[in-house]
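Okay, so here's the structure we're looking at.
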Amino acid sequence: MRGHGDSIIPPASSYSLQATTGDVLAFVNELQLQRPLLIGHSWGGATALVLASGTNSVFSQVVLEDPACYMGRDDPMARALHNTQDIGRPLAEVRQELLADNSEWTEEDVEGKLDALQKVSRDAVINIYTEVNQAGNLLPLLAQVTVPTLLLR
């Protein structure tokens, strides 16, 4: 997904459900995939849910792993600020806190989180929360998904 992992970081204003769903459909079309399995986690899960609920869904099955269907509840700015508080902090300091607060995490979990913190921008996170808040609760879209779906929460 745009702005995730090692992808380029686009302008913050380009993080929207409309943009990410367009990215996925462009990818499917470019590779000429025929009814692929769609898997999405968190923001990707929100994107997958929007795509799978469309009237012309091109997907054979859907897996939604903890989709961000409630990110818009409460104050989106407060939630965004909470989720950006570790961006730019010294990694050694954040590592110690992650280990102390998440005893069930593996070393790979901790390193993955630290890697993600180095690659994400505050503007992107804030824009994502604002976008989902405007979209409202996405969970009712599940009723419109007509292909086999696995929902993991």
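The values are calculated or read from the model by the stated rules, or taken from the named source; none is laboratory data. As the structure is a computational prediction, the values presented were derived from the model and not from experiment. All Cβ positions, even for glycine, are placed from backbone atoms using ideal geometry, and neighbour counts span all protein chains on display. Calculation scope for accessible area: heavy atoms of the full protein, side chains included, ligands and nucleic acids excluded. Shrake-Rupley method; radii C 1.70, N 1.55, O 1.52, S 1.80 Å.
General observations
- Each residue in region 79-125 was checked for being open to solvent by less than 40 Å² (accessible area, probe 1.4 Å) and either at positive phi or touching a residue at least 24 places away in the same chain (Cβ under 8 Å) (or both), and 8 of them qualify.
- D23 vs. criteria of a type outside the set (G, A, S), surrounded by 14 or more Cβ atoms within 10 Å (Cβ to Cβ) and modelled with pLDDT under 95: yes
- Sole residue being outside any loop (DSSP other than H, G, I, E, B), within 19 Å of the chain's Cα centre (by Cα), closer than 17 Å to D23 by Cβ and at pLDDT 85 or above, chosen from A48, A124, A116: A48
- Hits in region 59-78 - residues which are open to solvent by 60 Å² or more (accessible area, probe 1.4 Å) and either closer than 19 Å to H41 by Cα or touching a helix residue (DSSP H, G or I) at 6+ places or on another chain (Cβ under 8 Å) (or both): Q61, E65, D66, Y70, R73, M77
- Restricting region 30-58 to residues that are of a type in the set (V, I, T) and under 19 Å from G5 (Cβ atoms) leaves a set whose member that is most open to solvent (accessible area, probe 1.4 Å) is I39.
- In region 12-38, residue farthest from N56 (Cα to Cα) [restricted to those that are part of a loop (DSSP other than H, G, I, E, B) and without any contact (Cβ under 8 Å) to a residue 60 or more places away in the chain]: L31
- Put simply, of R79, R89 the only residue that is modelled with pLDDT under 95, of a type outside the set (F, W, Y) and more than 22 Å from I8 (Cα to Cα) is R79.
- If the condition is being farther than 19 Å from D66 by Cβ, at pLDDT below 90 and surrounded by 14 or more Cβ atoms within 10 Å (Cβ to Cβ), then region 127-153 contributes N127, T130.
- The residues in region 1-20 that are surrounded by 13 or more Cβ atoms within 10 Å (Cβ to Cβ) and more than 10 Å from I128 (Cβ to Cβ) can be counted, and the count is 7.
- Screening the candidates D66, D74 for the property of being charged (D, E, K, R) and either at pLDDT below 85 or in a loop (DSSP other than H, G, I, E, B) (or both) yields one hit, D74.
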